[in-house]
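To keep things clear, I will list the structure first and then write my remarks on it.
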């Protein structure tokens, strides 16, 4: 086994610009070639994809009461409550980090009369199921804010006072194994083809302001001996071995054998198909609901006609541009040239391949729409059991990153039944060459 | 020589000898018509302006004749050592040239008083550009003839004596206002790439650097792709959505514990429910921000402007930090220009409206994250205006790495 690895924690931004090389109509020089190699090897270092967002989400109140005496049946106990789930493919060489902005926690009490007081407590728990090509592991990570010093564990009472009580909690080492960031053998297990399922839970009387789970680039490793993990693209050229190049670069190109141009192109092309953004997640959890169910009440629908998933307002007839939605503007930076070239579709439309996932039960269809003619249907047929349903497709996006483009989710029941949806996420779908 | 029907899509391209893969949008529903590629005839379009034409052709001294001719309306030809451009039968531009491979371009567009044109000559051998602008002598050409002729002895033009062109392309035109759908819509599956024939392209096949290294098109391609690849992991930083109508900014702010006076100009309110702490991808200095905003008037009276602004800060102004501790840094906030809403959306039966805040410079903290906030400002003092944010999107922009001069890919 010959493991090669590349540290990607700090992207190597070359001092010499690539423009001389990339713009053509110029005489070639050595240094831009080297710059391409350097830059290509560290592209993964640009990953900070946000995979999960939660918190107040624009609400005007926490679920946990403010100043009410405990013992009244209005506070949670200390058991875990499911808040959000996200399933995503990890960018190669990436693990996770998460941050929580929180106010101090409030009181907890038993959930049956006489609602005995259990103390001030709150904890955020992130459970990650890592599904890699050689192993599956589950890791648990917690962040715990301080507890309230106010009367009855309430919020601060003076003007703007809650702003001064916000605590920043962070864990930048959400790894599949304690040594996965430096043990190269361990790193090799988790460098590519890893899928994660994130489960966010609140324990006790949390007052979450903002929660963010995102990818953190660490290192990318590859075994250059085995056939199933093919050799890296930048071989020295002295080897008689002729294999497919790796989809990911792991080693800087040697200047002693600068004849690997076509392989470098291949790697670039593969990268263009394999990596892309994560467009967002939504959870049916509403922090403004002053209740503490074990899992968020779903969005439900029994009608066979489509309605918007998240806002319970009749929107029929409103043009897409007059409805809220999640952004696909970042899709413009990851168009596939074979689907929509750089300046494409009359300079109005581009398309980005995505995988949409929905966590739902019952019978029905969830429709992710980029426009009236750009939609992905997720068929849910899981009576009585919540399960992930995934579908791939194309979403319309703009040509440039500052072009406005949105997607929204609609749902309808089928078969005379009901559909219940808790979570939805949309991410770039890897397109293998 | 075959010709493109006048009802063809003007994005057609003539591909001659040699192999080429067309990955452009123009592959859509292409039909090989005897060496010409064009879309099957449709009634949507004609060879009227605005359009552009481009010819890739070897021209040497002694060549004469018509290169391309929109019969009777415009023409590019060569005579007496001059590349000439004609519109409506009148010569509007003339370019002298040196022997070599050329790109000839002619484009026309309408102006309020007529039409204007530009002729472009690029010589690969000398790397020289020659561009001329001119107003058309008369009204813009109107459709009439049925064909676009290349190297043809049509309309009284003289036969071209030089080599065949490599490619001829008639460029995209603006959509008619009645065309509401893109061709892509009609494609149920991505079309396969199409193959044709072409001469060797007038592009460099290899260049040798000062240290003898081969740096051919492969590297050009790889370098270009690498610049683009750096951006591919940049995801939305904000894809925030109120679960219902969310918190409503009010005047005066009633829940003081949750409200903070914003930093910067104006009496803006920040609210606890609108703090988004997000990681900034390396190299990202700017984001673009949009929000879906809903305004209503509590009294049912007239709507007055509500001002909105979005901030990026490297700390929260009151986040308790130990001065000079590991977290501490001076507060630096950047903010967008203000944007107004001035509609009672509830009264109008609307959910709200998208407001584009444009670009926002990012202020990162020591951990590489930034606090994004949106605030509202009521300066009308009628105490009746209300404003809610239903959606907030924050997208990183591909701004410079030093080698990325363009604002977008």
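Every number here is computed from the coordinates shown, using simple stated rules; none is lab data. Keep in mind it's a predicted model, so treat the numbers as computed, not measured. Here Cβ is always computed from backbone atoms with ideal geometry, including for glycine, and neighbour counts include all displayed protein chains.
Numbers below:
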| read-out | value |
| --- | --- |
| Residue list for segment A:70-89, given a label point 7 angstrom along the Cα-to-Cβ vector of residue A:115 and an amide N cut-off under 13 Å | A:70-77 |
| Sites residue B:298 and residue A:129 - FRET efficiency at Förster radius 56 Å, r taken between beta-carbons, to 0.05 | 0.70 |
| Shielding score for A:201-213, defined as the mean number of other chain Cβ atoms within 10 Å | 2 |
| Distance histogram for segment B:341-390 (every C-alpha pair counted, 10 angstrom bins, percent rounded to whole numbers) | 17, 38, 28, 15, 2 |
| Length added when fully stretched, residue A:2-residue A:286, from 0.36 nm per residue minus Cα-Cα | 97.2 nm |
| Added length on full extension, which subtracts the Cα-Cα distance from 0.36 nm per residue, residue A:136 to residue A:149 | 0.5 nm |
| Mean Cβ count within 10 Å, highest first, over the residues of peptides A:112-123, A:144-155, A:55-66 | A:55-66, A:144-155, A:112-123 |
| Pair residue A:294, residue B:261: separation of 7 Å Cα→Cβ label points (nm) | 5.0 nm |
| Average beta-carbon neighbours from other chains, 10 Å sphere, peptide B:283-290 | 3 |
